[in-house]
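Novice: Structure below; questions to follow.
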Amino acid sequence: MKKLVFTGLTAAILFSSCSSQKTETAGTEQTAEATAVQQEAQVFLDQYSQTYQDLYTKSAEAEWASNTRIVEGDTTNAAATRRANEAFAAFTGSAENIEKAKAFLEQKDRLTDLQVKQLEAVLYTGANNPQIIPDVVKARIKAETEQTEKLYGFNYRIFEKDVTTNDIDNMLRTEKDVKRRQAAWEASKAVGPGLKEGLLDLRKLRNQTVQSLGYDDYFSYQASDYGMTREEMMDLMKQINEELRPLYRELHTYARYELAKQYGVKEVPDYLPAHWLPNRWGQDWSSMVNIEGIDLDAALKPKGSEWLVQQGERFYTSLGFPALPQTFYTKSSLYPLPEGANYKKNNHASAWHMDLDKDVRSLMSVEPNSEWYETTHHELGHIYYYMTYTNPDVPVLLRAGANRAYHEAIGSLMGLAAMQKPFLAELNLIDKDAKTDEVQTLLKEALSYVTFIPFSAGVMSEWEHDFYAQNLPADQLNSRWWKLAKKYQGIVPPTERGEQFLDPATKTHINDDAAQYYDYALSYVILFQLHDHIARNILKQDPHATNYYGKKEVGDFLRDIMYPGASADWRQMLKEKTGEELSARAMIDYFQPLMDYLKEQNKGRKYTI
């Protein structure tokens, strides 16, 4: 047999061919293994998602009943809610589901990005319901249900007369007598003491729940949903506060002097008395300003509450979004309870995605005034976000906002757009030829948006951070709240508020949307970035005087943001859509024309913050 000898180039080619065949074989094996892992993971995710959606729906239905029909002494709804939430917690927090998700994520390089995101969602939800400590989870669910009923079942009274929270809000917006204002403000805080024991219990249970899966505390757990540590989140809140502080300082000084004049007080106080402001927590001062030529309350009153909701829907459909499903109207709770009703309901506006599919509802108490007009547009923003990311490309587990702040940003963006003069004129809510003071319009907006930042990014975020992450002592809860209100908002209570009160707990979110109020601060920053882009680059209009109505291209821009839900990276989404990272730049630019006016008005006045 003749021996063959290969040398030089021929040998190299042959060796290369053999190596290539081995590489291709190895690559094929790796691809096959990856495909097998993906298929196995998908089977788990499909089965998990089906049960998750079913239990989520039952939980939402039970919560809906507990929020829309509160009967004193009747524990039927509370018991049903506990059972539904316990079943949801037992499934999402089961050791088996958590271990499976962890095992798949150890092979994340073989999974699709969408699968990784879903598995991370499984672990995030499971961390709040871990069944390695089932008794703690059950106790937390029970405590949350009881706290909700105490909060929303409370009977508010002013001068021995029963009132609703809407009544209190209306009084704080319109009442000129300082003593009557103080009575309304103090009535709004009366619910606090009865919530103290429950809130302290909830802190212990919430922290214990998430600590069992490695989180330091409940605040850290909530911040992690942004891919951030609690320290990073608090640094971001500090940055936002500092960027807007110069404008807030001018607004604070202006408000002190103007309100002192309005209430006939000769000596202007260094800090704003809380009951002087037209909001229970001093987060929105906009009703201080009435713009000549615009009386939205008067224009809306004869139209009725139903018109506000229907007009909100027309606004979205004009942008190319679909009509609301009929079930939205038949299943929602949109208006105040009839006089004499033998039950109460949660009056705090909210939007609900009941089944993570087609059943969308809103819980409101709409009245025909400017505040509810804006709120209605905001809540429908949530509803349309739900409807848009409910599509075949977004798995059930990722049917949420790009982050929680995006949900609020979309709603607040539409609230802002619905209040701008060209749009109001198109609806004949104001005279299109009316001469309005543009600076006053900007002032009114600043007293809504800018005044909110110290409350949300400062007082609320820092108090909850201290409460959960630093175990704020039980005998310092109220004093800490008022120290922060003075520091960030420059607000003080009308009288001494000792530890027998719990004024922070009068804010809904402290009880049932805990440790995430920074969502709202971030949402305002994002909304102005979105609005700035829409006005300048899509509508080619002045950001202070836009009209989104009927502009399908605006709807297309928003739909692109809303469609992928939580399957998109929120930072990448913002950069791609607006061309910039998260920044208060657009918000500061929007209100820059107001600064000169305020500085002129405040000449000779004393600055105290």
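Rule-based calculations on the coordinates, nothing more; no lab input. Only a predicted model underlies this, so the values are computations on that prediction, with no experimental measurement involved. FYI the Cβ positions are ideal-geometry reconstructions off the backbone, even for glycines, and counts take in every protein chain you see.
Novice: Run the paramagnetic zone check for LYS331: 7 angstrom along Cα to Cβ, then residues of the range 51-79 with backbone nitrogen under 14 Å.
Specialist: Answer for the range 51-79: 54-65.
Novice: Go ahead and estimate [θ] at 222 nm for the chain from helices alone: -39,500 (n - 2.57) per DSSP H run with n ≥ 4, summed, over the residue count, rounded to 500.
Specialist: Working: 24 runs with 352 residues, N = 609.
-19000 deg cm²/dmol, from helical runs alone.
Novice: Can you sort GLU379, GLU367, GLU146 by how many other beta carbons sit within 10 Å, fewest first?
Specialist: Fewest-to-most Cβ neighbours within 10 Å comes out as GLU146, GLU367, GLU379.
Novice: Taking the number of other C-beta atoms within 10 Å as the exposure measure, put TRP276, TRP463 in order starting with the fewest.
Specialist: Working: TRP276 24, TRP463 21.
Ascending number of Cβ neighbours within 10 Å: TRP463, TRP276.
Novice: Output the 0 to 90 degree angle, nearest 10, between the alpha-carbon long axis of helix 552-562 and the longest principal axis computed from the alpha carbons of the chain.
Specialist: Tilt of helix 552-562: around 60 degrees.
Novice: Here is a further query. Determine the gain in length on full extension of the stretch GLU580-ARG249; use 0.36 nm per residue of separation and subtract their C-alpha separation, reporting nm with one decimal.
Specialist: Values: separation 331, 0.36 × 331 = 119.16 nm, distance 2.68 nm.
Separation in residues times 0.36 nm, less the Cα-Cα distance, equals 116.5 nm.
Novice: Which of the listed residues, LEU530, ALA299, LEU594, is farthest toward the dipole's positive end in the range 191-601, when Lys, Arg count +1 and Asp, Glu count -1 at the beta-carbon?
Specialist: ALA299
Novice: So for SER365, SER479, fewest C-beta neighbours within 10 Å to most, what's the order? The partial results should precede the final answer.
Specialist: Numbers: SER365 20, SER479 14.
Arranged by neighbour count, lowest to highest, SER365, SER479 become SER479, SER365.
Novice: Residue farthest toward the positive end of the dipole of the chain, with Cβ of Lys/Arg at +1 and Asp/Glu at -1: which of GLN47, ALA139, ALA434?
Specialist: Going by the Cα projections, it comes out as ALA434.
Novice: What distance in nm lies between label points placed 7 Å from Cα along the C-beta direction at THR436 and ILE132?
Specialist: Between THR436 and ILE132, the simple spin-label model gives 5.7 nm.
Novice: While we're looking at this one, here's another question. If you restrict to DSSP beta bridges whose two residues both lie in the chain, what percentage is antiparallel, to the nearest 5?
Specialist: Values: 8 of 11 bridges.
If I count the DSSP bridges inside the chain, around 75 percent turn out antiparallel.
Novice: Obtain the nm distance between the two label points defined at ASP475 and ASP167 by a simple spin-label model: each point lies 7 Å from its Cα along the Cα-to-C-beta direction.
Specialist: Distance between the two pseudo-spin positions: 3.8 nm.
Novice: Using a basic spin-label model with each label point 7 Å from the Cα along Cα→Cβ, how many nm lie between ASP216 and GLU553?
Specialist: It is 4.7 nm.
Novice: Could you tell me which chymotrypsin sites (Phe, Trp or Tyr not before Pro) in the range 532-564 are loop residues by DSSP with no more than 12 other beta carbons within 10 angstrom of their beta carbon? Mind dumping the intermediate values first?
Specialist: Working: sites: TYR548, TYR549, PHE557; in loops: TYR548, TYR549.
Those that pass, being in a loop and sparsely packed, number zero.
Novice: Further, regarding this structure: For the chain, what relative contact order do you get, as a whole percent, if you take Cα pairs closer than 8 Å and at least 6 residues apart?
Specialist: Values: 850 pairs, mean separation 106.4, N = 609.
In percent, rounded to a whole number, it is 17.
Novice: Taking the Cα centre of the range 429-537 as origin, work out the dipole magnitude from +1 charges on Lys and Arg Cβ and -1 charges on Asp and Glu Cβ, in debye rounded to 20. Display every interim value, and only then the final one.
Specialist: Numbers: 10 positive and 16 negative charges, 50 e Å.
Dipole size: approximately 240 debye.
Novice: Please compute the length gained on full extension between LEU539 and LYS483, using 0.36 nm multiplied by the number of residues separating them and subtracting their Cα-Cα distance.
Specialist: Working: separation 56, 0.36 × 56 = 20.16 nm, distance 4.40 nm.
Here the answer is 15.8 nm.
Novice: Right, here's the next one. Given a Förster distance of 30 Å, report the FRET efficiency between GLU242 and LYS603 from their Cβ-Cβ distance, rounded to the nearest 0.05.
Specialist: Details: r = 24 Å, r/R0 = 0.81.
Calculated transfer efficiency: 0.75.
Novice: Scan the chain and report its longest stretch carrying no trypsin sites (Lys or Arg not before Pro) that are both in a DSSP loop and have at most 10 other Cβ atoms within 10 Å. Provide the component values of the computation, followed by the final result.
Specialist: Details: sites that count: LYS2, LYS3, LYS176, LYS266, LYS432, LYS435, LYS540, LYS603, LYS606.
That gives 4-175 as the longest site-free run.
Novice: Rounding to the nearest 20 debye, state how big the charge dipole of the chain is about its Cα centre with +1 on each Lys and Arg Cβ and -1 on each Asp and Glu Cβ.
Specialist: Taking the Cα centre of the chain as origin, the dipole is about 520 debye.
Novice: Looking at [x] 63; [y] 54; [z] 51, which value of percent of Cα pairs over 31 Å apart comes from a calculation on the structure shown?
Specialist: It is the value labelled [y].
Novice: Between the range 550-575 and the range 244-310, how many Å separate their Cα centres?
Specialist: A separation of 33 Å, based on Cα centres.
Novice: Here is a follow-up. I'd like the distance separating the alpha-carbon centroids of the range 63-120 and the range 590-609, in whole Å.
Specialist: Using only Cα atoms, the two centres lie 49 Å from each other.
Novice: Explain nothing, just the number: dipole magnitude of the range 312-468 about its Cα centre with +1 on each Lys and Arg Cβ and -1 on each Asp and Glu Cβ, in debye rounded to the nearest 20. Spell out each step's value before the answer.
Specialist: Working: 12 positive and 20 negative charges, 77 e Å.
Approximately 380 debye in magnitude.
Novice: To the nearest 10 degrees, how steeply does helix 95-105 sit against the main Cα axis of the chain, on a 0 to 90 scale?
Specialist: For 95-105 against the chain, the angle is about 60 degrees.
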